[in-house]
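Q: Below is the structure I would like to discuss, written out as structure tokens.
Coordinate-derived values only; no laboratory data. Bear in mind that the values here come from a model prediction, so they are computed numbers and not experimental data. Glycine gets a Cβ as well: all are built from the backbone with ideal geometry, and neighbour counts include every protein chain shown.
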Amino acid sequence: MANEDMAREITDLQSLHPQVYQVLRHAVLTGELQPGERMVERKLAKQLGVSRTPVREAIRKLELEGLVKHVPNKGVVVTRMSSKDAWDIYNIRAVLEGLAARLASKSITSEEVERLEVLVQKMEQAVNANELDQLNDLHIEFNDVIYKSAGSPRLHQMISNLVDYTVVFTKVGYCVPGRSREATDEHKELFEAIKRGDGAEAERIGRKHIERSCNAYFIQQALIED
């Protein structure tokens, strides 16, 4: 990973420790730090422009989260996400996404509805132009509006943590022909259900969207491994 990619994220000395943790966590979950790659405190501290103490604390937290592990005679390395891990994460997220959609359908504001409508329009433009990175960002932003409109900060935090895990999975799933269009249509259907206040339908669509994303990931992963 380039030094500046991480170091530029460390800006506020008062929140140094959580910032270091978030930067390293993001690097692991997005693949900037690859599975099997060593987490060397001294090297990471130099790249981030910080002391080794916040790096050591961040690595400890990442180990508790299962994202890194100690390997004899090698030190701390980034762990590889197993198929079982991916399956579990998707299934948990499907339930929470459905709940968020149902709650949002009852409490969303007119301003949030307008924001979702704009995002749906931008998604349509991005999928037509095959701008998949932009499309993924728009989907994330769309979902985040729904999480916030659900009115449960704890639920929002729980789903956001799972989203971090599935960022790479989603990009893999988009490689399945037609999946990016299908996912965009699912977001449009979800928007319409929330807009008309249909909580049951919003929950069904929200869960089905994640289940289909899970299927797309495993279909593409199987092709990669063949």
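Q: Need one number: convex hull volume per residue for the range 116-226, Cα atoms only, in Å³.
A: Roughly 91 Å³ of hull volume per residue.
Q: Rg to Rh for the range 142-205: what is it, with Cα atoms only and Rh by Kirkwood?
A: 1.00
Q: Here's another thing I want to ask about it. Using the Karplus equation 6.51 cos²θ - 1.76 cosθ + 1.60 (θ = phi - 60°), what ³J(HN,Hα) coupling, rounded to whole Hz, does each residue of the range 55-61 give in order, writing x for Gly and Pro?
A: Residue by residue, the range 55-61 yields 5, 4, 5, 5, 5, 4, 5 Hz.
Q: What does the convex hull of the Cα atoms of the range 26-68 come to per residue, in Å³, rounded to a whole number?
A: 65 Å³
Q: Further question: Using a Förster distance of 41 angstrom, determine the FRET efficiency expected from the C-beta separation of VAL95 and LYS74, and round it to 0.05.
A: Between VAL95 and LYS74 the formula returns 0.65.
Q: In the neighborhood of GLU57, defined by Cβ-to-Cβ distances under 14 Å, what is the net charge if each Lys or Arg adds +1 and each Asp or Glu adds -1?
A: +2
Q: When only alpha-carbon atoms are used, what values of Rg and Dmax, in angstrom, describe the chain?
A: Computed over the Cα atoms of the chain, radius of gyration and Dmax are 19.0, 59 Å.
Q: Sequence-distant or interchain residues sharing an amide H contact under 5 Å with VAL68, placed H: which?
A: For VAL68, whose amide H was placed from the backbone, the distant partners under 5 Å are GLU63, THR79.
Q: How large is the charge dipole for the range 83-225, taken about the Cα centre, if only the Cβ atoms of Lys, Arg (+1) and Asp, Glu (-1) carry charge, to the nearest 20 debye?
A: About 360 debye.
Q: Moving on. Sequence gap of 8 or more, or different chains, plus Cα separation below 21 Å: how many lysine pairs satisfy both in the chain?
A: The number of close lysine pairs in the chain is 25.
Q: Run lengths n ≥ 4 of DSSP H only: what is the helix-derived mean residue ellipticity at 222 nm for the chain, with -39500 (n - 2.57) per run over all residues, to the nearest 500?
A: -24500 deg cm²/dmol
Q: Along the Cα-to-Cβ line of LYS208, 7 Å from the Cα, sits a label point; which residues in the range 89-107 have backbone N less than 14 Å from it?
A: It comes to 98, nothing else.
Q: Filter the trypsin sites (Lys or Arg not before Pro) in the range 153-184 to those in DSSP coil with at most 14 other Cβ atoms within 10 Å of their Cβ, and list the result.
A: Hits after loop and neighbour filter: nothing returned.
Q: Given labels modelled 7 Å from the Cα in the Cβ direction, how far is it in nm from TRP87 to GLU37?
A: Going by the 7 Å Cα→Cβ label model, 2.9 nm.
Q: Within the set of other residues whose C-beta is less than 12 Å from the C-beta of VAL118, count the net charge using Lys and Arg as +1 and Asp and Glu as -1.
A: Once positives and negatives cancel, what remains is -4.
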